[in-house]
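Below is one structure, written out as structure tokens; comments come after it.
A short reminder: the numbers here are calculations on the coordinates, not readings from a lab. Treat the numbers as computed from the prediction; the structure is a model and nothing was measured. Counting neighbours? That spans all protein chains shown, and the Cβs are built from the backbone with ideal geometry, glycine included.
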Amino acid sequence: MKGSLMKRLLFTITLVMSASLLVAAPASADDRRCTGTIGATHIDGNVIVPQGADCTLRGTRVDGNVIVKGDAKLVARGVKVDGNIQAENHRNVIVTTREVGDRTVKSRVEGDIQLDSGKRGRVAKAVIGGDLQVKQNSGRQVAVHNRIDGDLQAFSNDGGFRIYRNQIDGNLQCKGNDPKPHGGQNQVSGNKEDQCSSL
């Protein structure tokens, strides 16, 4: 009887301690909304550009993703993003350099840059650890002077696409774009495919 009571008491103490540990656990980082300019600060989480907003990131370090909502605009200059830049139904996305004194600081994205079903996009002099995926956009697209560890994929874009002097470790894949992409001098370790076979 005493042994059974002791076991129940120990079990109850264990439950109480476990619950207190759960309560004391740190909360996950909150997303940061961007509706103006964020400078050279460190954000421990995602940056969200809300519907219809304009956001400028200057030298910002983002531990998570940058997510661009419908009809929103993102200008990212000299940023460091540990995750992805993801835009859908966007108005405009620009990922490019930032001038700091006499230095030019490139934007670095460890994951992918994905521009899907929006309007305009420009990715210039960026370092991308994953893929650059540009699909079903209606405005002019530009990808120039980038270092891409994965693939550059341009599918079903209707506003014209310039692809020039990129260094691509994967493949350069282009299908269903009208007009077909133009440019050249891309160094591609994999294959140049379909509409981009001559670029």
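Since only I43, G64, G130 are under comparison, the one whose Cα sits farthest along the positive direction of the charge dipole of the stretch 31-194, derived from C-beta charges on Lys, Arg, Asp and Glu, is I43. Largest mean-square fluctuation among R32, R120, R61, in a Gaussian network model of the chain whose springs join Cα atoms under 10 Å apart, belongs to R32. Footprinting exposure proxy ranking of V95, V105, fewest other C-beta atoms within 10 angstrom first, gives V105, V95.
Counting only aspartates and glutamates at least 8 places from K69 when in the same chain, those with an alpha carbon closer than 15 Å to its own are D31, D54, E88, D116.
Counted by Cβ distance under 11 Å from N46, the other residues give a net charge of -3, where Lys and Arg count +1 and Asp and Glu count -1. Considering only beta bridges that DSSP places wholly inside the stretch 31-194, some 5 percent are antiparallel. Rounded to the nearest 20, the Cβ-based charge dipole of the chain about its Cα centre (Lys and Arg +1, Asp and Glu -1) stands at 400 debye. Summarising the label geometry, the points placed 7 Å from Cα in the beta-carbon direction at D169 and D44 lie 2.9 nm from one another. Once Kirkwood radius over Cα pairs in Å is calculated for the structure shown, the corresponding label among [x] 18.4; [y] 16.7; [z] 17.3 turns out to be [x]. With everything on Cα atoms, drop me the angle between helix 2-24 and the longest principal axis of the chain, reported from 0 to 90° to the nearest 10. Its long axis makes an angle of about 30 degrees.
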